[in-house]
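Down below is the structure, laid out as structure tokens.
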Amino acid sequence: MNNLNLIEKIEKLKKKRSAVILAHNYQLPEVQDIADFVGDSLELAQISAKTGAKTVILCGVCFMAETAAIINPKKKILLPDLTAGCPMADMIDVKKVRELKQQYPEAAVVCYVNSTAEVKAESDICCTSSNAQKVVESLKDYKQIIFVPDKYLGHFLSLSSDKEFILANGYCPTHAKISPKLIDELKVKYKNAEVLVHGECTPEVKEKADKILSTGKMCNYVKNSSKRDFIIGTEIEMLYRLRKENPKKNLIQASPLAICPDMKKNNLEKILDVLENMKNEVKVDEKVRLKARKCINRMLLVK
Ligand code: 13P
Ligand code: SF4
């Protein structure tokens with residue numbers, strides 16, 4: 001079936017099923033184009049809660065669908081490819097979080113949203129790259145923070161905080177491929193460019209950046225800036241949305257190697273398949289869900 005036929009079928013079935021399609025900024029262009037909303041992980045969670053649709057097709061990776069399932073127990077959350085995971089989320093488990101809690105009983109546990117529902121259930125508060133700084137600032141009564149699983153985001157947060165940070169050892173293999181040397185070379189070539197990088201990049205890359213932003217904040221920043229040239233240090237598909245929304249700006253990818261294979265697993269065929277067969281529902285064990293919900297709710301209350 002060609003893309004036009006697939007799109008037509010998806011649009012029809014979407015109405016019939018009262019479904020909404022949400023896509024992360026790293027999804028394939030064809031998936032971003034068919035989505036009702038494209039955004040960062042915080043925005044996808046917020047929209048999943050606000051939508052009146054009974055079925056949400058979450059085009060992203062497993063933790064994003066799980067987060068939507070935790071917040072919306074009455075909605076069906078379908079992930080087009082159930083094998084779309086996040087290697088960083090799998091770098092920490094409940095056992096490790098419990099060990100850290102025993103070692104640092106006075107600390108608050110902050111878990112990055114790129115984590116399993118079980119890890120969220122063991123944590124005090126969740127954060128995304130968009131609100132991480134505010135979440136940490138909100139923990140006024142704590143002197144120590146256990147931050148899991150992203151050591152690079154955790155390290156970045158520790159730089160502007162007077163709290164002691166205990167970091168787990170996780171990282172994003174995709175963002176780790178962005179090298180500071182390449183950014184230096186691009187800065188020589190594009191002298192007036194601003195460098196925007198994601199919070200998951202290494203400290204060495206962040207040192208070269210003008211701004212450290214979530215994918216959603218990158219979109220707003222580029223749109224509202226009077227500058228023309230931007231070097232973008234994050235997953236390659238981010239450039240698709242940025243170029244679409246800013247056709248007159250010069251958007252330069254910091255590394256062609258920054259590809260998240262899991263984000264590429266969802267496609268039009270799989271979206272049609274889940275709509276046709278109402279399959280691939282992501283569910284979370286009720287006990288875990290209730291505890292994880294508290295952790296996410298605390299984050300959603302931080303303004
Ligand atoms: P954002 O919250 O910035 O969309 O990041 C999610 C993610 O997985 C980045 O690798
Ligand atoms: Fe996980 Fe990195 Fe892929 Fe984001 S880009 S989903 S952090 S592996």
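For this structure, a couple of remarks:
- L301-S226 pseudo-label distance in nm [points 7 Å out on the Cα-to-Cβ vector]: 4.2
- In order along the range 124-129, phi translates into HN-Hα couplings of 7, 8, 9, 8, 10, 5 Hz, rounded to whole numbers, per the Karplus curve 6.51 cos²θ - 1.76 cosθ + 1.60 with θ = phi - 60° and x for Gly and Pro.
- FRET efficiency, 1/(1 + (r/R0)^6) with R0 41 Å, evaluated for E185 and E99 via beta carbons: 0.45
- Placing a pseudo-label 7 Å from each Cα along the Cα-to-Cβ vector at N192 and N246 gives an inter-label distance of 1.4 nm.
- Here the translational diffusion coefficient of the chain follows from Stokes-Einstein with Rh set to the Kirkwood radius across Cα pairs; for 10 °C and 1.306 mPa s it amounts to 80 µm²/s.
- Aspartates and glutamates with Cα under 17 Å of K143, excluding same-chain neighbours fewer than 8 positions away: E106, D124, D162, E164
- Counted as membrane-span-like here are DSSP H helices of the chain whose alpha-carbon atoms extend 15 Å or more along the helix's own axis and whose Kyte-Doolittle mean is -0.5 or above; these are 286-301.
- Computed over the range 105-237: relative contact order in percent, which uses C-alpha pairs under 8 Å that are six or more apart: 21
- Listed by chain and number, the aspartates and glutamates placed with their C-alpha closer than 17 angstrom to that of K187 are E204, E207, D210, D229; residues fewer than eight positions away on the same chain are left out.
- Within the range 67-176, trypsin sites (Lys or Arg not before Pro) in DSSP loop having at most 11 other beta-carbon neighbours inside 10 Å: K74, K140, K143
- In terms of its Cα atoms, the range 1-124 spans 57, 26, 19 Å along the principal axes, sorted from long to short.
- Applying a threshold of 19 Å to the alpha-carbon distances of K16/K265; K9/K270; K15/K270 flags K16/K265 as lying beyond it.
- Kirkwood hydrodynamic radius over Cα pairs of the range 114-162, then Stokes diffusion coefficient at 20 °C and 1.002 mPa s, in µm²/s: 188
- The chain: relative contact order in percent, alpha carbon pairs under 8 Å with at least 6 residues between: 23
Taken together, the values in this text are just the output of simple stated rules run on the coordinates, not laboratory data. Remember, predicted model here, so these are calculated numbers, not experimental data. All Cβ positions, even for glycine, are placed from backbone atoms using ideal geometry, and neighbour counts span all protein chains on display.
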